[in-house]
Structures are given as structure tokens and as C-alpha cells.
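Report on the following structure.
Since every read-out is calculated from the coordinates, none of them should be taken as a lab result. Bear in mind the structure is a predicted one, so any value in this text is a computation, not a measurement. Here the Cβ positions follow ideal geometry from the backbone for every residue, glycine too, while neighbour counts run over all protein chains shown.
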Amino acid sequence: MRKYKMPVKIGAETMMYFSRMGRHALVLSLMVAFVLAPGIGVGGVLAHEDEEHEKKALGGAGTREGLAQSLFRNKRDHEINWHEWGDEPFQRAVTEDKLILLDLTAVWCHWCHVMDETSYSDPEIIAMLNRDFVAIRIDTDRRPDLQARYLSGGWPSTDILVPSGEMVFGATYLRPEQLKSTLRQYQQLYKDHKPEILKRAKAMQEEMKAAWVSHDATKGAIDPAILTRAVSMIKGNFDKENGGFGTAPKFFEPDSLTFAFLMHHRTRDEELKDIALTTLRKQLGIFDPVWGGFYRYAVDAAWTTPHYEKMLDTQAMAIRNYLDAYQLTGERRYRAAVEGIMRYVDRFLSNPGRGGFFASQDADVGSHDPHANFVDGEEYYLLGEKERLAIGIPHVDLTVLTHWNGLMAESYLKVYQVLGDKRARDFALKTLDMLYVTRYREGAGIAHYFAHGKPQQAGLLVDQVAFARALLEAYVVTADRSYLQKAERIVADMHTLLEDKTAGGFFDMAFDPDAKGMLLRPEKPTIENARASILLSELYYFTDNKMYKQSAERTLQYLLGSRSPYPPALGALAVDRHLNYPLHIVIVGEKKEPTTQSLWNESLRVYAPGKTVMLLDPSKDKLAIGEVSFPKLAKPAAYVCTDLLCSKPIEKPGQLRENLEQFLRATS
């Protein structure tokens, strides 16, 4: 029998969760009727993990008899009458007057698999859910809007809802006896206190709808001191012995490293350089030496014990950090990390024919087959190539998620700029072109994923921001203005559908008065608003359209005035992008000319964090950016520009770096 290592136990995660939602006091008051009732005290187990969908992909599946601690089992969670989120299960809950059991899972989530094999395979629980509840299962990777409102601290999340969808209980992993007790107690409480509960649920619905109406809000000051404070926080949180920030578990913090590289480049602060490079070296402890790619996080502080699932977004952001390190130092190990990530992604997380990147790969083998031989990642990933293939390949989630594809396409385009990898560029462009054609509809935004023959979940903020940013990067490497125009269309929809016109900032989804449950609650996520501000600032620098600058300012003022915490490094990156005009390298020359190409490629390779590169072709482009005009010379030339002036024309590619450094010294 497999030995499960239980995560950290949390005694009162439900109360922790709802106190975090204090701005909607009715949620807490509804909770009180349940959780503080006599006899209720079920504790869950907080885990950072997951489960769900299929397709064998990649081949090589097999089993191996007698592997230590493997488990040949009969998983039975599929016997539960699971519903997808939608009108039908809610109608059924209302008609049959039943509570809803909501299981928030993820394809890659190890502890979701454990709960499927234990609690959701328990015959008594299966019977209770099918008889007395309406069971809904959602994949949070596909439904980030539901994750934002229902996730109770980690994966899996086990929630109980009233028939209209308001949440009355939330926990993470529950063992069979805990889940049985919870289901019985909440069913009885609902039966005994139904009028009061439904009255409170109705009041909460009205409060949530009213919260979508814009109100004036405190506007935070966009203060350069934010950068200094962020530097101090990075230095204060840095683990000097092990790299990374804080203590175990250790997650990747790519924005902190990006900010450290930026500020080191600007101030020559060697401590920031050491923080970034030490962290990147130590993080290699959870790099897969056989197939490449990074595992999701480290269980320990020293980056020696991985949690073995692999996520597309982890790979995308790591590529950028290691490219920065390689450009700064020239050390081969950082380039090797980038190439190792790409080998993994190309082999396991890419669709070479159509374009697109897959979402994730499981930590374990056999987690999605009810009758498969289960092999834990702790055993499997210690093996070599042949041994792994003899057992099988951990399940790959073939979902192509728009926001993560935007992140990875942008990273592949950065690989092309630094390493000259044309294959990476071409695959990124193929991916962006395919997703734009199949998922974007003007006025609705770009959709989150594709299923059942059509795009799903259009207009989510996370997708608009990540995909538009990738389109901007495509414009940088192709000089094809259609990519810039596509980015502007998506951002126009983002403003129409999602912007809070009065208080500033963007909602994560458009208001739907017919939405169920907590989807009626407005959310303005701080992380995505910071990324939106960066995107808007960059659009301003490429177009000189002041509308984008003003929108970035409104978004930043909302973010900095909000009581909700935001990641200091990401917030500082947004402030810096807004306040500090980036270094512009502008190449003027016909695109087909070899000298133009050489100047362009050299400009893309130059290490100057935050720089923008633009190619202006006299045969089709206006030779101006805003109020700055460039002459049409007999030969192609590059110009290095700040917001105040530009360098003399640089006609020889080999002189670009030297001229850049001279110009910066003269203007600093």
C-alpha cells in the first residue's frame, strides 16, 4: 500500500479563508450559522496540489510489477455523479433542495489524486454524494474565475454550497471520516436552519451585485520610493544560505529576480546581482536532470526535495530569469538551463503540428487510470530515461491555456532574441497566430481555452494581459505591425469589458447578472492589475498614444491605494515601467537589407533590461515615434534614444554596444 505523506495540518482553514474575505461580511455571517454551530469542528489538511483530465499522448505507457511502494488499485471516484459547473446542476440543486459539494481540483495536483483514491473512492461517501448532494467538479486551470472565489487555501478544495451557489464551508484535503462527518453535519444544519440560511444567501447575492457599481476609491501615490522599498524587502527576505526567499516550502519568484536584475543594471548594486544569481544556481536543485524542466516547487528550504509536477508557466518564467543571467555573466550553465527547459517543453508540452503549448505534467505515473500501477514521483523521477519509459510517462494535460501560452510564446521570442534560435521564434509565432484566429472575437476578447468545438471563457483579464503582451513581443521580433494592432484590439476589449471606470483597475471577468453563486462577487486581482499596468505602459512607449499611459496610471493608482496586498517586486516593476522611460533602440532601414538585419539582430541581443527595439522600414513605415522623427539615410542606421534625445546614427552593427555604453554614460 502506498504511504502518503500528509501535508501540514491546518486546524481552522475555513475561518482563515473567510476572514480573508472580510469585505463581504455576509459570507462570514452565513458561515457562522454553520461552522460555529455546536458540534462542528472538522479540520482539513492544507496541500499545494491536484487532479483531472485525459488522453494518453506521448505513448510509452506501461507498468512494472513489484516496484517498491507502488499500488495496483481500483479507484472509484468516477462512480460519483460529477457535474461540470453550469445551469443544470444548480437547477437540480434547487429542484431537489440539496446542498452542493464543490470539488476544486487540478489535473496536475498530487493531493487531489490522493483524495480521489481515498475519500472519493469510499463507498459510503459515493452513496451519500449521489443520493443527498449535487456534486460539481471543476478544473481550476480551466476556471481561474472560480478558483479566485472558491479555492479554500490550496488544492484540492472541498466546499459546500447552498443551492444558489453561496459558499458555507471550505477546507482542503479531507480524509474519509472527516468528509463523512462534514457532509452529515452540514446536511442536518441545512435542514434545521434552511429559512435563515436562504435569507442570508439572498442578501449576499444582492450585496455582491451592488459591489460591481463603481465607487470612488483611494488613489495611491505613484512614488519612486516604492522601488527603494522593494529592493529593501528583497534583500531582507533573501535566504543567503539557500537562495530564494523566505523558508520552506520554496516557490519560484521570477518577478523578484527580474526586478533584482533591472535594479542591478541601473545602480550597479552587487548585492542584487548576487541575490539573483545565487537563487538561480540553487534553484537548479529541482531541475529534472533526465528530461529537463523545473518541478513546481521545493518542499525544503535548500531546493533539494522537489514537488514533482511540472507546470508550463513555471518553465516560461524560468526561461526569462536564466536568459537574464546568461546575458549578464556569459556563463554557460545559465544558457544550459534555458536549453534544458526548452528540450523538456518541446518534447512533452508542445503540439508541433498545430502550435500551442500544453498545460502541465503530473507528478506521478498512473494517477488518471483507475486500474493502473501507481508510481509515486519520489520514486519515478530518480530513475533514468529507459527505466522511466519502461514504467510509463506521467500524464500530460493537453489543455492549451491562453494565458500560459502567452507567457511561453513571449519567452520563446526572448530566446530567439538572445540565442538566435529561429525555431523558437517560428513556433511562438505559429502559436500566437493559431490562438488569435481560433479564440479571439472582437468585442468579446480572447478566450481561455477551446473545448466542445468552440472557445470557452472569453474575456478573462489574465488572458487578455498575457496574450497582448506576447503579441507586443511578436511585433518586436518581426516588425510586423499587425501584431501591434492585434494587441491594441485586445486591450480595447479589455477596457470595454473589464475596466472599473471610476475607481480604476480591471475586474478579472465581466459582470454577469445571471452568474451563479460567488461569481457574482467582483474581483480585481492585484497581480493581474500590476501586469496590466506594465502592458499599458509598454503600449504607450510603442505607440505614443497617451490613452495607454493614462490607463496605466489609473490602474497603478488603484493598485497602490488598494488595501489588498500585492507582490512588492511586481508592483515595483509596474511603477518603474510607468515612471521611467525605457531605453529605445530604433533601426531605420529597409527590412530586407542585410545591414538592417544585422543592426536589428544586434539590437535584440543587447543586454539592457527593459529596453524596447523597433524597426522602421522607410518603404512602409512613418519614420517617427511620437514627436521624434528619424531621417531617411543612404544606409541603414540604428539610434539609441531616451525620452529626451537620441544618439547619432550607428551604421556598423559591431559598434552598437560600444556606442550604447558611451551614450548612456554621456546622458546619465
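For the chain, the fraction of C-alpha pairs more than 45 angstrom apart is 22%.
Counting only lysines at least 8 places from Lys250 when in the same chain, those with an alpha carbon closer than 21 Å to its own are Lys5, Lys9, Lys235, Lys240, Lys273, Lys282, Lys310.
Using only alpha carbon pairs under 8 Å that are at least six residues apart, calculate the relative contact order of the chain and give it in whole percent. Provide the component values of the computation, followed by the final result.
Working: 1254 pairs, mean separation 84.7, N = 668.
Contact order relative to length: 13 percent.
When +1 charges are put on Lys and Arg Cβ atoms and -1 charges on Asp and Glu Cβ atoms, the dipole computed for segment 584-667 relative to its Cα centre reaches about 120 debye. Along the axis of the charge dipole computed for the chain (Cβ charges of +1 for Lys and Arg, -1 for Asp and Glu, origin at the Cα centre), the listed residues Pro455, Thr502, Pro522 are led at the positive end by Thr502. Spacing of the modelled spin labels on Arg131 and Ser482, each 7 Å from Cα toward Cβ, amounts to 6.1 nm. Exposure proxy shown here: for Lys240, Lys282, Lys202, the number of other Cβ atoms within 10 Å sets the order, fewest to most, as Lys240, Lys202, Lys282. The local environment of Thr502, defined by Cβ-Cβ distances under 15 Å, has a net charge of 0 under the rule Lys, Arg +1 and Asp, Glu -1. For Thr95 and Thr438, the FRET efficiency from 1/(1 + (r/R0)^6), where r spans their Cβ atoms and R0 equals 56 Å, is about 0.95. With a ≥ b ≥ c the root eigenvalues of the C-alpha gyration tensor of segment 276-424, is it rounded (a/c under 1.5), prolate (a/b larger than b/c) or oblate? Oblate, since a/c reaches 1.5 and b/c is not below a/b. Among Cys646, Cys112, the ranking by other beta carbons within 10 Å of each residue's beta carbon, starting with the fewest, stands as Cys646, Cys112.
Please give the contour-minus-distance gain from Asp544 to Asp269: 0.36 nm per residue of separation, less the Cα-Cα distance, rounded to one decimal in nm. Show your work: numbers first, answer last.
Details: separation 275, 0.36 × 275 = 99.00 nm, distance 3.18 nm.
Once the chain is fully extended between Asp544 and Asp269, it gains 95.8 nm.
At q = 0.14, 0.19 Å⁻¹ the log10 of I(q)/I(0) for segment 231-335 amounts to -0.49, -0.92, computed by Debye summation with a single uniform scatterer per C-alpha, solvent ignored.
A DSSP coil position with no more than 10 other Cβ atoms inside 10 Å describes the following GluC sites (Glu not before Pro) in segment 219-320: Glu241.
With an 8 Å Cα cut-off and a minimum separation of 6 or more residues, compute the relative contact order for segment 96-175 in percent. The normalised contact order for segment 96-175 reaches 43 percent.
May I ask you to order 338-344, 220-226 by the average number of other C-beta atoms within 10 Å around their residues, highest value first? Kindly include the intermediate steps, with their values, before the conclusion.
Details: 338-344: 20.7, 220-226: 13.7.
The most tightly packed comes first, giving 338-344, 220-226.
With a simple spin-label model that places each label point 7 Å from the Cα along the Cα-to-Cβ direction, the separation between Phe511 and Glu379 comes to 5.5 nm.
A straight line joining the Cα centroids of segment 79-128 and segment 515-540 runs 30 Å. Computed from point charges on the beta carbon alone (+1 for Lys and Arg, -1 for Asp and Glu), the dipole magnitude for segment 494-612 about its Cα centre is near 160 Debye. For segment 227-276, the normalised intensity computed at q = 0.13, 0.21, 0.24, 0.30 Å⁻¹ comes to -0.26, -0.67, -0.87, -1.28 (log10 of I(q)/I(0), Debye sum over alpha carbons, equal scatterers, no solvent). Cβ-Cβ distance of Arg76 and Val290, R₀ of 41 Å, FRET efficiency by 1/(1 + (r/R0)^6): the value works out to about 0.75.
Would you please give the FRET efficiency between Glu84 and Glu124, computed as 1/(1 + (r/R0)^6) with r the Cβ-Cβ distance and R0 = 35 Å, to the nearest 0.05?
Working: r = 25 Å, r/R0 = 0.71.
Approximately 0.90, to the nearest 0.05.
Show that you can apply the helix-only estimate: for the chain, add -39,500 (n - 2.57) for every DSSP H stretch of four or more residues, divide by all residues, and state [θ] at 222 nm to the nearest 500. Write down the numbers at each step before the final one.
On the way: 23 runs with 318 residues, N = 668.
Calculated mean residue ellipticity at 222 nm is -15500 deg cm²/dmol.
Assuming a ≥ b ≥ c are the square roots of the Cα gyration tensor eigenvalues, decide whether segment 584-667 counts as rounded (a/c under 1.5), prolate (otherwise, with a/b larger than b/c) or oblate. Oblate. Say the dipole of the chain comes from +1 at the beta carbon of Lys and Arg and -1 at that of Asp and Glu; which of Ser603, Tyr541, Ser350 then lies farthest toward its positive end? Projecting each Cα onto the dipole axis, the largest value belongs to Ser603. Which of rounded, prolate or oblate describes segment 433-486 when judged by the alpha-carbon gyration tensor and an a/c cut-off of 1.5? Prolate shape, in that a/c is at least 1.5 and a/b is the bigger ratio.
The stretch between Ala210 and Ala666, if pulled fully straight at 0.36 nm per residue, gains 158.6 nm over its current Cα-Cα span.
Our estimate of slack between Lys194 and Glu331, defined as 0.36 nm per intervening residue step minus the Cα-Cα distance, is 42.7 nm. Contact order, relative form, for segment 584-667: 35 percent (alpha carbon pairs under 8 Å, 6 or more residues apart, mean separation divided by residue count).
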